[in-house]
1. Residues in segment B:214-233 that are buried (at least 24 other Cβ atoms within 10 Å of the Cβ) and among the basic types (K, R): how many?
2. Being under 30 Å from B:V59 (Cα atoms), in a loop (DSSP other than H, G, I, E, B) and aliphatic (A, V, I, L, M) is true for just one of C:L338, C:L371. Which residue is that?
3. Which one of these is facing chain B (nearest Cβ under 8 Å) and of a type in the set (K, R): D:R30, D:R62, D:R38?
4. Name the helices (runs of 4 or more DSSP H) wholly inside segment C:1-114 in which the number of residues that are more than 7 Å from every other protein chain (Cβ to nearest Cβ) and hydroxyl-bearing (S, T, Y) is 1 or more.
5. The conditions are (1) at the interface with chain B (Cβ under 10 Å from one of its Cβ atoms); (2) modelled with pLDDT of 95 or more, and A:R104 fails exactly one of them. Which is it?
6. Which one is surrounded by the fewest Cβ atoms within 10 Å (Cβ to Cβ) among residues in segment C:222-271 that are basic (K, R) and in contact with a helix residue (DSSP H, G or I) (Cβ under 8 Å, 6 or more places away or on another chain)?
7. Applying the selection to segment B:234-253, what residues are open to solvent by less than 10 Å² (accessible area, probe 1.4 Å) and either within 19 Å of B:A99 (Cα to Cα) or more than 11 Å from chain C (Cβ to nearest Cβ) (or both)?
8. For A:G37, indicate whether it is in contact (Cβ under 8 Å) with a residue 24 or more places away in the chain, small (G, A, S) and closer than 30 Å to C:L117 by Cβ.
Amino acid sequence: MSSAERVVPVRGLSDSEFRSVPGTEARVRAEYSWDAGYAMGTFLKGLKEGKILATTCRTCGRTLFPPRAFCEECFRPTDGWKEVGPTGHVYTFSICYVSWDMRRLAVPEIPAVIRLDGASPGMGILHLLGEVDPSRVEVGMKVQAVFRPPEERRGAITDVLHFRPVS
Amino acid sequence: MPRVAVVGAGMTRFVRRAEETGKELAWKAAKAALDSCELTLEKVDAVVLASAPDAFDGVHMKGEYLSDGAGAWRKPLIRSYVGGGSGVFAAIQGWYHVASGLFDTVLVVAEEKMSSAQPHPQGAFLTIFDNMIERPLGPNLLWIFAMEMNAYMTRYGLEKKDIALVAVKNKKNAKDHPAALLGGDITVEDVLNSEVLAWPVQRLDVSPITDGAVAIVMAAEHVAKRLTDKPVWVAGVGWHLDTAYWTDRDLHYPRYVEYAARMAYEMAGIREPRKEIHVVEPYDPFDYKELHHLEGLLLFPPGKAPEAARDGVLDRDGDLPSCPSGGLLGVGNPIAAAGLMKVAEIFWQLRGEAGARQVPGDPRCGLAQAWGDLMQVATVMVLRR
Amino acid sequence: MHPKIAVVGVGWAGFQPQTPGISYKELMFEAATRAYADAGLDPRRDVDSWVSASEDYHEGTSIFDEYIPDQLGAALRPAHTVAADGLHALATGWMLIASGVARVVAVEAHSKASDILSLPEITAFALDPVVERPLGIHPGAIAGLEADLAYSRGAFTREDTARVVVKNKGNALKNPRASFAARLSVEDVLAAEPLATPLTVLDEAPRADAAIVLVLASEDVVKALDVAPVWIRGLGWSQDAPSLETREWEEAVYAREAAKRAYQMAAIKDPATQLDLAEIDDTYSHKELLHMEALGLAAEGEAGYLVAKGYADLDGELPVNPSGGSLGWGNLLEATGLARAMEVVLQLRGEAGAHQVEGCEQGLAMSWRGLPTASGAVAIFGV
Amino acid sequence: MEKTWNFEEVVKVKGSIPVWHRYTAGAAARSFLALKERGEFLGSRCPECDLVYWPARAFCERCFGPAAEEARVGPGGVLLARTVVHRAPDGRRLEEPVRVGLIALEGADGLFIWKLAPGAYEPGQPVRPVLKPPEERTGSLEDILFFEVEGA
C-alpha cells in the first residue's frame, strides 16, 4: 500500500462556493472584563501617572518587567516596585504592512520588543515605534516612551503612544 | 518503560476551504488511519484529540464537539492543548496513554478547520496575545514571527536568501505529497519578490491557512505486533513550555526546543543526534522556523542550519533530509493536523512507504517536532523502526 | 497491576463569586504556593511535569496554555494543558507518572468566571453550529428538558431534586469555602424564580472563582516525603454522543462508563458499600440524582428516595457532597472536578473540618463538563 | 507584595474575541435543502447499525461507517419532555418565556429539540412541525417555525 492510499479526498471550495453552500453564520458575544490583579493593576495605574513600573525579587536580585506578583525563577512573591525606562533600546522589530485581520495598511506599523533601561538585562515589552522613518530603524537603536497627555490617559498600555528614537 | 508503537496513519487532503464540517474531517482521517491497519473502532480503547484554538472552528469546547468525529463515542477522550505544538503533543499523549498501562490501543486525531473564522482566520490570533498589555496594541500574529526572524537574522548575520531556500525545498517536496495544497516549483527570487507582509516576512515565507485532519493509531507492544509486522516504535518524547513573558526571552535561539529535544534524546538514548537521526520533520510554519528548530534540536550549531540548506544537506536526497513531506509550507498548515502529519510522515518514511517522497538510505530513526504558543513550546517525538 | 500514585499536596485560592483585585495568574500562584508548601516540595527543583485544565472561551484568550507556566513554577519545564475538566488533568498527571516520564506532577485548574461577561452565550457556543445553535435558546433549556423527562418517566420527583438543593446548601454551612451556603426548605426551592421549568434558579449552581492545585507523586517519592499520602486507586473518563440528538437522555452514560473503568481499576464491586463518601456533580440538582444512579451509588429509580430518607446526608450511610457541592460552593467551570478531588483528599486525611465524614477510607470524585456536554470523569481515592 | 485592599482601585481590562464564523453544513446540507425545497424531513441511515439520523450525517458515530443512505423521517413525532425557558440567550429575564420540546421524530432514532407553539403540553402528546412559507425558507433549521400539538 502506498501512502497515497491513506490520503482521503475532501472537497475544497472556492470563496464564493464557501459562502453559498448551506450553512450558518454566528457572531458570538464573547466579552470579558479581566481582573488586572495587583501586579498588572499597579502597572496600569502607574502608566496613567506617566511611570513605567517593574517588580523586584530580593532572592535573585532581578527587576522583572513586565511586572508580575511572583518571580517565576525563584517561585516566590516579588518584593517591591521600581520605576524603569522611559528609555531603552530596540531588541528586535518588524515593519508590518497588514492589520490583524489581514487588511493592507496605508501606513506600516513598526512593532518592536523594547528593552527598558533599569530592568534586568533581557527584560522587554512589546510596543510600537513612532516618529521614525521605517528605513532608519535598527536593532540596538535607543528609544524612549512617548506618553499621551495626562488628560488622555486611561490606565492602559495605550497611554504610551509609542516609542521614538532618542534624539 | 513499556514499548509503544505507531501502527497506522491516515489523513485528509489539505484544502483551503473544506465543504466538510470539522467532525467530518476528523472522521475521514480517523477512518483512514484505522483502515490502514485494518482495525475497527470497537478495538480502540481510548481516543486523544488535538486541535488549535476554538476560535478557528468557532466552537467552544471544541474537543467535546469533535469527539464523535474522532471516534470517541462512549470512549475515554482527552484533548491536550499546547497551541501549534498540539499535533506532535497528541502523539506524545497517545504514547503516555499506552505507556501508563491504562490502554492498549489508542486513536490519535488532529483536526483543524481554520476557514470558519471570519473576517480572516488571522483574527483568531489577535486573542493569543496578553489581554492587558498586548492586545490593546492590535497585534498581528506576523509581528512575533517577523521579530523572531529579525532577531535570528541579526544575531547570525543571515540574509533572506539564506532562508528562502527552505520555502523552495519544501514546496518542491510537497509536489510528491498527495495531500498537498501548495506544492510547486518556486525560486529563491520568487520568495524575495513576494509581497512583504511584515518585514522580514514575505508572502512565500509563510504557510497558508488550511483545513484538514490527520490520525494515527498507537498500540502497546503485544497489540502492535499482532496488527503489523512493521511497527514504528516511539523511542523518545519531550516537551517544554517556556515563560509566557516572551519579550524577556532571547528570540534568536529556541532554548525550549533544545530542552524538549534533550528530554526526548535522553529517553531514546541518543547521544549524537546528527549521526543517529536519519530523517527529520521540524515544524515549518515559516521558512526560518525550520532552520531555527534544526538548531534547537541540536542537529546543527546555532546559526549554521542555513549553510546546511544551501549545501543540500536538507534535501530529500541529502545527508539529513528535512521536511521530506513538504512540511507546512508545502502540504499546508491546518495547525494541529500539520503537526501530526509530521509524525505520520516519519512513520511512512521509516516503513519505506513514502512513495515518491521516500528518502534514500533505508532510514531507521526519525524525529518529528512541533512548536507553538508565543514562540514558547516545543514538542518532540523520536521514532525508530 | 497499576503503579501506586498518591496526592501529596493540595492548595486552593478563591471560592468566592468574585475575586476582585486578583488576576487569574495571582489566583493560580496562591493555590500553587499552598500546594507545594503542603507537599513540602520546591516546584523549581522537585516537580517534573505540569498539567493544567482550561478552555479558551472561558479565559477569553486563544491558546491559553501560553499563560500557565510562570505562576505554577513551570517556566521552561514540561508543562501542558488539557481542554478538559480538572479530573481529566488529574488522570493525565497519573498517566505521566505511570508511564515513567515523571515522578512528581502538579495538576492545576481554575475558574475566573467573574471575568466573563457573556457566559450563557459562550456556553451555547459549544453547541453544534448548524444542527443545534439555530434554536437560539438559553442553554439552561437542556437541563430543564432533562429534568422534565426524569419526572415524567417517574425516575424521581420535583421534591426529590429540591431536597438535593436543601441538603447541599445545608452541608455548605459547615464548609468555610462554600459561598452559597443557606438553610432552605423544599418549598423555598420550588417557589424560587423559574429558570427553565421545572428547574428554578436555586436548582442551578451559581458560578464562582477559584484555583486548585494538587501535587501527585510516585510511590518511591512518597516514601521520601513527610506527608500523609492519599492514593489514587481508580480513574475513568468517558463521554456519550456530543450531539443532543443522539445521546442518552434518561441516563448519565458518561458517568456510568467513567465509573465502570474507575471501579475496575480500584477493584470496587459494590460502590455503595465500598465508598465512604462521594463528591459528585450537582451543577443542576437533578444531575446529582442521575449521577448517583449512573455511578451505582443508588439503584435505578432510587436516588430520589434515598436522598429523601437521609441516606446521602453528611451523617448518612453514604454522604454525597458533604462539602456542599457546586450548589454550595459554586460552578467552578474547569476547576469543578479538581475541587471535588481536593474535598475527597481532605476528607481522607481527616482534615475536612466541620464537614468531616467520620472514619472514611475510600471516596469518589466525579465531574461533568457542564452544559451542553455529555462528558465526565471519575476518580477514586483511598488511604 | 501587597494585594489591593481598596475596591475603588481594582483595575479591570475589557476585551473580547472579535471573530465571527461561517460554518458549512457538510452532510446535513441535504436535510436543509430538502426542508427548503420540498418541506421534507430527510435524514440519513447507517446500514450497519440500522440507525436513522436527522439531520443527515456523513458517518455513523457508533460503527464509524458511512451513514449515507437517504431516510425520510417525521415530520410528526412524540413530545417526550418540555420546558418553559425564562431566560434569553444572553441570560436576561424574558418577558415572554419560550417553550421548547424534546421530540422523538417518527422514523428517526435520535431526538430533536425545537420550539413549541404557545400553549400547555404534556409528555406523550403527538406533535407536528409548522414550517415557514416556501418563499421565506433559507435552507436551515430556522425554516421550522415551531412544533404544535397534532390536530390543534
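The values are calculated or read from the model by the stated rules, or taken from the named source; none is laboratory data. It should be emphasised that the depicted structure is a prediction, and the values quoted were computed from it without experimental measurement. Reconstructed Cβ throughout: ideal geometry from the backbone, glycine too, with neighbour counts over all protein chains shown. Accessible surface areas use protein heavy atoms only, side chains included; no ligands, DNA or RNA. Shrake-Rupley method; radii C 1.70, N 1.55, O 1.52, S 1.80 Å.
1. Here the count works out to 0.
2. Details: C:L338 fails: in a loop (DSSP other than H, G, I, E, B).
Sole residue among the options that is under 30 Å from B:V59 (Cα atoms), in a loop (DSSP other than H, G, I, E, B) and aliphatic (A, V, I, L, M): C:L371.
3. Numbers: D:R30 fails: facing chain B (nearest Cβ under 8 Å); D:R38 fails: facing chain B (nearest Cβ under 8 Å).
Result: D:R62 is the single residue among D:R30, D:R62, D:R38 that is facing chain B (nearest Cβ under 8 Å) and of a type in the set (K, R).
4. C:24-39
5. For A:R104, the failing item is (2).
6. Applying the first criterion (basic (K, R)) to segment C:222-271 yields C:223, C:233, C:247, C:256, C:260-261, C:269.
Filter once more, so that each one left must be in contact with a helix residue (DSSP H, G or I) (Cβ under 8 Å, 6 or more places away or on another chain): C:233, C:247, C:256, C:269.
Numbers: C:R233: 22, C:R247: 23, C:R256: 22, C:K269: 10.
It comes out as C:K269.
7. Of everything in segment B:234-253, those that are open to solvent by less than 10 Å² (accessible area, probe 1.4 Å) and either within 19 Å of B:A99 (Cα to Cα) or more than 11 Å from chain C (Cβ to nearest Cβ) (or both) turn out to be B:G236, B:V237, B:G238, B:W239, B:T247, B:L251.
8. On the way: in contact (Cβ under 8 Å) with a residue 24 or more places away in the chain: yes; small (G, A, S): yes; closer than 30 Å to C:L117 by Cβ: yes.
When the stated conditions are applied, A:G37 passes them.
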